[in-house]
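K.L.:
Let me give you the structure first, and then I'll get to my questions.
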Amino acid sequence: MKKLIQNLTETFSPSGYETAIRAVIRKEIKPFANAIRVDALGNLIARKGSKSKSGLKIMLAGHMDEIGLMATHIDENGFIRFTGLGGIRPAALTGGRVRFMDGTPGVINSDRLTDLTKTPTLEQCFIDVGASSQKDCPVKVGDVCAFERPFLDLGNRMIAKSMDDRIGCAVMIEALRTLKTSPHELYFVFTTQEEVGLRGATTSAFGVDPDLGLSVDVTATGDTPKGSKMEVSLGKGPAVKVKDGGMLADPRIVNWMIRTAEKAKIPYQREVLEGGTTDARAIQMARAGVPAGCLSVPTRYVHSPSEMVDTRDVQNSVKLLVALLSAPVDL
Amino acid sequence: MPTIGNAQLKLLEKLCNACAVSGDEGEVRKIVLAELKGHAEAVRVDALGNVLVTRTGTGKKRLKVMLSAHMDEVGFMLVADDGEGLFRFETVGGMDVRQLPGKAVLIGKDHLPGVIGARPIHLTTAEERKQKIPLDALRIDIGPGDTQVKLGDRATFATRFQRSGPALIAKALDDRLGVVTLLELVRNTPANIDLLAAFTVQEEIGARGARVAAYAFNPDLAVVLDATPAHDLPGWDGEENTSYNTKLGLGPAVYVADTDTFSDPRLVRHFTETARAAGIPCQFRQPGAGGTDAGAIHKARAGIPSISISVPHRYSHTAASIARLEDWKNSLALLHASLKRLTPELLASDRA
């Protein structure tokens with residue numbers, strides 16, 4: 001599974017430009033899905049099985065996109081000014097490297113700061129791709145790039161860019177592969193544009209029209225020095241979301257997830273995330289409303305170019321997802 | 001071929017001088033409905049006040065194309081009567097309060113005159129003049145005795161449309177330019193598409209009209225016709241201006257991304273390739289803050305490939321903005337040429 005995670009996290013696909021990652025995931029899931037389609041916003045929608053008497057139509061959502069940058073101006077000396085795609089943290093930019101969709105690499109730096117105690121703003125930052133004039137700069141206004149950072153395997157821990165949410169995609173792909181039988185009609189939806197406002201999940205949830213929805217995404221942790229007060233740690237199992245900044249998980253879904261984890265003896269943690277939200281919010285609000293929840297993979301340093309997960313949490317997330325999907329659901 | 005001539009300029013003048021603050025678009029809607037007479041098979045007004053127009057083409061395999069332009073403009077709403085003809089007000093839509101003092105306004109359906117007053121220079125100190133006057137301290141003053149003005153009435157800038165050489169000067173060029181452009185495209189629809197035209201309401205307060213219009217139309221794709229700011233003046237210190245949004249005179253602004261929408265890349269290519277092939281100038285609007293009706297449309301139902309094309313204009317959302325006639329003409333030309341080349345093949349492959 002680590003090979004898969006490396007493959008997914010080393011692919012460059014910022015929000016709105018998910019073509020590359022879609023091709024990678026499509027190849028991985030093709031042998032295991034009954035039907036695959038791509039909708040108007042670029043969501044990859046794979047169906048497995050059909051609804052039996054005791055089954056439901058279940059939508060799973062993991063987002064393919066990652067945060068990135070988009071060029072807004074190439075100046076006369078070939079430096080690129082940019083805007084953020086998704087929640088960019090300026091503190092994580094300076095000295096970082098990026099790669100544009102055509103492969104062009106670049107490094108981020110900033111205007112000279114008069115006050116070194118301050119973080120540069122996005123407007124003060126630029127990308128240098130080694131060009132010396134506007135004319136010889138290979139990047140045009142509107143071109144996008146993502147952070148360049150290789151995957152690192154630390155054994156029980158893994159570090160990569162875009163663990164948010166390629167780790168969710170990996171969990172879904174692995175569950176799709178492992179799942180033997182299910183009474184449900186399952187839609188594995190690899191969504192687009194989550195980082196800019198759950199846009200892909202909004203349209204795919206309308207299109208799929210599920211009876212139940214579950215997103216598979218990362219969540220923050222409270223286990224780092226002077227970190228936020230949060231009861232989620234790496235290594236203590238997948239997190240069952242109770243609430244985040246945009247959604248109250250359906251209590252019936254929370255109970256179902258906890259019951260299933262306890263029955264299968266899979267460690268889990270209850271999650272209350274104060275900021276941020278996931279595709280589950282969009283699913284919950286689709287059409288006339290859908291019971292929804294979220295299986296979260298605890299992740300440190302979310303939205304930095306080096307996001308860390310625990311290998312055992314990832315494996316247990318797959319186990320929990322497979323257990324959830326294998327049996328009838330009685331909400 | 002659709003054109004911008006004297007008739008269209010006259011119509012733009014009439015529309016810019018009309019008052020249609022978000023939620024109260026009746027005056028512009030009336031003009032739009034009158035202009036549509038005899039030019040479309042089906043014209044209706046929906047529950048939110050959008051004007052929805054259908055024109056069926058004659059070609060084989062036609063795409064259902066939604067075009068939208070918003071009828072509303074930014075303005076004010078009177079919220080408290082302080083007596084003696086003084087009214088407290090709120091802004092409607094994105095407005096910079098620093099721009100308001102000293103502006104003449106028109107109130108309500110009858111365009112009753114008023115002014116947003118401020119203490120004159122004789123009576124202010126140098127220190128006071130450095131401060132911004134907060135909205136709470138501003139009043140619309142209509143003079144005592146007028147009983148026709150009621151709380152809840154909308155008001156907007158009293159600016160009258162003018163031309164100055166190649167420049168168009170008016171309030172509400174955002175988006176009356178789009179409204180006239182859309183009327184021209186309804187009158188001159190290429191036969192290869194089914195046109196679903198929406199003259200929308202409440203764009204300035206969150207693309208509310210467009211949301212329901214897109215749901216009702218359920219089109220194959222959507223093109224939003226709007227106006228976008230140009231901040232293209234040179235820096236006072238000779239520094240390169242790197243955040244101009246758009247520049248006047250470079251033609252229609254094609255959107256790649258704004259706060260609310262990533263344009264469908266297939267449509268971005270279609271419009272820029274059309275511009276190149278037809279020799280029509282166009283520019284990319286700098287990706288960044290801002291939003292149009294596309295923000296609501298592209299997320300309607302199971303998703304709708306969308307793009308926005310805007311006429312650049314300076315001093316947007318103020319009492320007087322300036323656009324160039326040539327940019328407007330080129331916008332209409334680019335839209336018409338691009339619609340004419342639309343075939344279902346454009347959307348046959350996955351979004352990429």
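FYI, it's all coordinate maths here, none of it is from the lab. Keep in mind the model is a prediction, meaning the values are calculated, not measured. Cβ atoms come from the backbone with ideal geometry, glycine included; neighbour counts cover every protein chain shown.
K.L.:
With contacts defined as alpha carbon pairs under 8 Å and 6 or more residues apart, what's the relative contact order of segment B:76-157 in percent?
P.N.:
Taking the mean separation of contacting Cα pairs over the length of segment B:76-157, I get 45 percent.
K.L.:
What net charge is computed for the residues neighbouring B:PRO305, neighbours being all others with C-beta under 9 Å from the C-beta of B:PRO305, Lys and Arg scored +1, Asp and Glu -1?
P.N.:
0
K.L.:
Ok, one more. What's the average, rounded to a whole number, of partner chain beta-carbon atoms within 10 Å of each residue's beta-carbon in B:180-192?
P.N.:
That works out to 0 on average.
K.L.:
For peptide B:254-265, what's the mean number of Cβ atoms from other chains within 10 Å of each residue's Cβ?
P.N.:
Neighbouring Cβ atoms belonging to other protein chains average 5 per residue here.
K.L.:
Same structure, new question: What spacing in nm lies between the two simple spin-label points modelled at B:ASP237 and A:LYS53, each 7 Å away from Cα in the Cβ direction?
P.N.:
7.9 nm
K.L.:
Output the peptides B:248-259, B:280-291 sorted from most to least packed, where packing is the average of other Cβ atoms within 10 Å over each peptide's residues.
P.N.:
Packing order, densest peptide first, comes out as B:248-259, B:280-291.
K.L.:
Follow-up question, since we're still on this one. First check a/c for segment A:68-147, with a ≥ b ≥ c the square roots of the eigenvalues of its C-alpha gyration tensor; if it is under 1.5, answer rounded, and if not, answer prolate when a/b is larger than b/c or oblate otherwise.
P.N.:
It comes out oblate by the Cα gyration axes.
K.L.:
Further, regarding this structure: Taking a ≥ b ≥ c as the square roots of the eigenvalues of the Cα gyration tensor of segment A:1-84, is the shape rounded (a/c under 1.5), prolate (a/b larger than b/c) or oblate?
P.N.:
Judged from the Cα gyration tensor, segment A:1-84 comes out prolate (a/c at least 1.5, a/b above b/c).
K.L.:
If I fit a long axis through the Cα atoms of helix B:265-278 and take the longest principal axis of the Cα atoms of chain B, what angle between them do I get, 0 to 90°, rounded to 10?
P.N.:
On a 0 to 90 degree scale, this one is about 80.
K.L.:
A further question follows. Could you sort A:224-234, A:158-168 so that the peptide with the highest average Cβ count within 10 Å comes first and the rest follow in order?
P.N.:
Most protected by this proxy first, the peptides run A:158-168, A:224-234.
K.L.:
Looking at the calculated P(r) for chain B, what percent of the C-alpha pair distances fall above 27 Å?
P.N.:
Percent of Cα pairs beyond 27 Å in chain B: 46.
K.L.:
Another question, then. Within segment A:77-94, what residues put their amide N at less than 15 Å from the label point 7 Å along the Cα-to-Cβ vector of A:LYS135?
P.N.:
Only A:77-78 pass the distance filter.
K.L.:
What number, in percent, do you get for the relative contact order of chain A if the mean sequence gap of Cα pairs under 8 Å and at least 6 apart is divided by its residue count?
P.N.:
23 percent
K.L.:
Return the subset of A:LYS180/A:LYS236; B:LYS61/B:LYS329; A:LYS2/A:LYS263; B:LYS103/B:LYS132; A:LYS161/A:LYS241 for which the Cα-Cα distance in this structure is over 18 Å, preserving the input order.
P.N.:
The answer is A:LYS180/A:LYS236; B:LYS61/B:LYS329; A:LYS2/A:LYS263; A:LYS161/A:LYS241.
K.L.:
Long-range amide H contacts for B:ALA158: which residues qualify at under 5 Å (H placed 1.01 Å from N, peptide plane, sequence gap of 5 or more or a different chain)?
P.N.:
The answer is B:ALA104, B:VAL105, B:LEU106.
K.L.:
Normalised by the empirical 2.2 N^0.38 Å for globular proteins, what value does the Cα Rg of segment A:151-226 take?
P.N.:
1.33
K.L.:
Is the C-alpha gyration tensor of chain A telling us rounded, prolate or oblate? Criteria: a/c under 1.5 is rounded; beyond that, a/b larger than b/c is prolate, otherwise oblate.
P.N.:
Here chain A falls in the prolate category.
K.L.:
A further question on this structure: Mind checking the angle between helix B:26-36 and chain B's longest principal axis? C-alpha axes, 0 to 90 degrees, to the nearest 10.
P.N.:
In chain B, helix B:26-36 runs at an angle near 30 degrees to the longest axis.
K.L.:
What number, in nm² with one decimal, is the all-direction average of the projected area of the convex hull of the alpha-carbon atoms of segment B:56-157?
P.N.:
Value for segment B:56-157: 10.1 nm².
K.L.:
Sticking with the crude label model, points 7 Å out along Cα→Cβ, report the distance from B:THR3 to B:ALA277 in nm, one decimal please.
P.N.:
2.4 nm
K.L.:
With charges set only on the Cβ (+1 for Lys and Arg, -1 for Asp and Glu), what does the dipole of chain A come to about its Cα centre, in debye to the nearest 20?
P.N.:
The dipole of chain A has a size of about 1240 debye.
K.L.:
Report, in debye and to the nearest 20, how large the dipole of segment B:257-352 comes out about its Cα centre when Lys and Arg carry +1 and Asp and Glu carry -1 on their Cβ.
P.N.:
Dipole size: approximately 140 debye.
K.L.:
Would you order B:GLU84, B:GLU239, B:GLU184 from fewest to most other beta-carbon atoms within 10 Å of each residue's own beta-carbon?
P.N.:
Taking fewest neighbouring Cβ atoms as first place, the list is B:GLU239, B:GLU84, B:GLU184.
K.L.:
Give, in whole angstrom and from largest to smallest, the semi-axes √(5λ) of the equivalent ellipsoid of the protein assembly as shown, with λ running over the eigenvalues of the Cα gyration tensor.
P.N.:
46, 29, 27
K.L.:
Could you tally the net charge around A:SER50, taking each other residue with its Cβ under 10 Å from the Cβ of A:SER50, Lys/Arg +1 and Asp/Glu -1?
P.N.:
Counting the neighbours of A:SER50, the net charge comes to +3.
K.L.:
Calculate one ³J(HN,Hα) per residue across segment B:12-25 by plugging θ = phi - 60° into the Karplus curve 6.51 cos²θ - 1.76 cosθ + 1.60, and present them in order as whole Hz with x for glycine and proline.
P.N.:
These are the phi-based 3J(HN,Hα) values: 4, 4, 4, 6, 5, 7, 6, 10, 8, 5, 2, x, 9, 8 Hz.
K.L.:
Also: Under 20 Å from the 7 Å Cα→Cβ point of B:LEU135, by amide nitrogen: which residues of segment B:12-32?
P.N.:
B:20-25
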